[in-house]
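This report refers to the structure that appears directly beneath it.
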Amino acid sequence: MLHGPNLNLLGLREPGIYGSMTLIQIDESLKLRGSELQVGVDCLQSNHEGVLVDAIHNAREKYQGILINAGAYTHTSVAIRDALAGVAIPTVEVHLSNIYTRENFRHHSYIAPIAIGQISGFGADSYLLGLQALVNYLSGVRH
Ligand code: CA2
C-alpha cells in the first residue's frame, strides 16, 4: 500500500472531505483484511515523489500487487506512472473522495491507464474494496 502526499494528515484535518479515520487506522484495517484474505500487506506513506518512485522500484520481486493512493501526484506525476508501468506489478488505484465530482484538475489520473482499475469515492472503504479487487485479480477470480 503506497500513500502519497498529505495523506499523513488524514483524520487530523478536513474530516468533511476525507473522513475521520487516521492513516494508521486505515493501514490497520488493510492489514486485518489482508490476514482474512491470507495476504500480507505492507504500507508506506511519503510526501516525496522520488521516495514513492524508489518504493515502486523496490517492490519488484517482493510484492505481487500494488494498491496506491498517490494523492495529488495522481494528477501530476508521469514519474510515478512510468515507475508503475516499468515494474509491471498489477496496480489498483484508490481515492477516498470521488475525484470526478471535484475540481476539473482532479478528473485526470496519470495512473488510471496503467492500473487494473480505480476505486474512488467510498472514503476509507475505497482501500478495502481496492485490496479485495487486487486479491481477486491476483487469484484469478472474475465476476
Ligand atoms: O480522494 C483522494 O484520496 C485524493 O487522492 C486525496 C488527495 C487529492 O489531492 C486527490 O485529488 C484525491 C489529497 C490528500 C490530502 O489529504 C489530506 C487529508 C487531511 C487533510 C488535508 C489533506
Practice task
For residues that are in a loop (DSSP other than H, G, I, E, B) and out of contact with any strand residue (DSSP E or B) (no Cβ under 9 Å at 6 or more places or on another chain), scanning just segment 1-12, find the one that is farthest from VAL141 (Cα to Cα).
Solution key: LEU12
Practice task
Being over 24 Å from LEU37 (Cβ atoms), touching a strand residue (DSSP E or B) at 6+ places or on another chain (Cβ under 6 Å) and part of a loop (DSSP other than H, G, I, E, B) is the filter here, so list the residues in segment 84-143 that pass it.
Solution key: ASN98
Handout entry: Where a residue in segment 47-71 is on the phi < 0 side of the Ramachandran plot and outside any loop (DSSP other than H, G, I, E, B) and its partner, wherever it lies, is modelled with pLDDT of 95 or more and of a type in the set (Phe, Trp, Tyr), with Cβ under 9 Å and at least six apart
Key = GLU49/TYR73; LEU52/TYR73; LEU67/TYR127; ASN69/TYR127
Completion exercise
Filter segment 13-43 for residues that are assigned to a helix (DSSP H, G or I), among the hydrophobic types (A, V, I, L, M, F, W, C) and under 15 Å from the mean Cα position of the chain (by Cα); the one that is nearest to HIS3 (Cα to Cα) is LEU23
Practice task
Please find, within segment 1-37, the residue that is surrounded by the fewest Cβ atoms within 10 Å (Cβ to Cβ) out of those that are within 14 Å of the ligand (Cβ to nearest atom), free of Cβ contacts under 8 Å to residues at least 24 places away in the same chain and among the polar types (S, T, N, Q).
Solution key: SER20
Fill in the blank from the handout: Note on segment 27-65: residues among the aliphatic types (A, V, I, L, M) and under 17 Å from ASP125 (Cα atoms) are LEU30, LEU32, LEU37, VAL41
Exercise for the section: Tell me, yes or no, whether segment 20-36 has at least one residue that is touching a strand residue (DSSP E or B) at 6+ places or on another chain (Cβ under 9 Å) and farther than 19 Å from LEU129 by Cβ. Expected result: no
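The values are calculated or read from the model by the stated rules, or taken from the named source; none is laboratory data. This structure is a prediction, so every number in the text was calculated from the model and none was measured. Quick reminder, even Gly has a Cβ in these numbers, built from the backbone with ideal geometry, and neighbours come from all protein chains shown.
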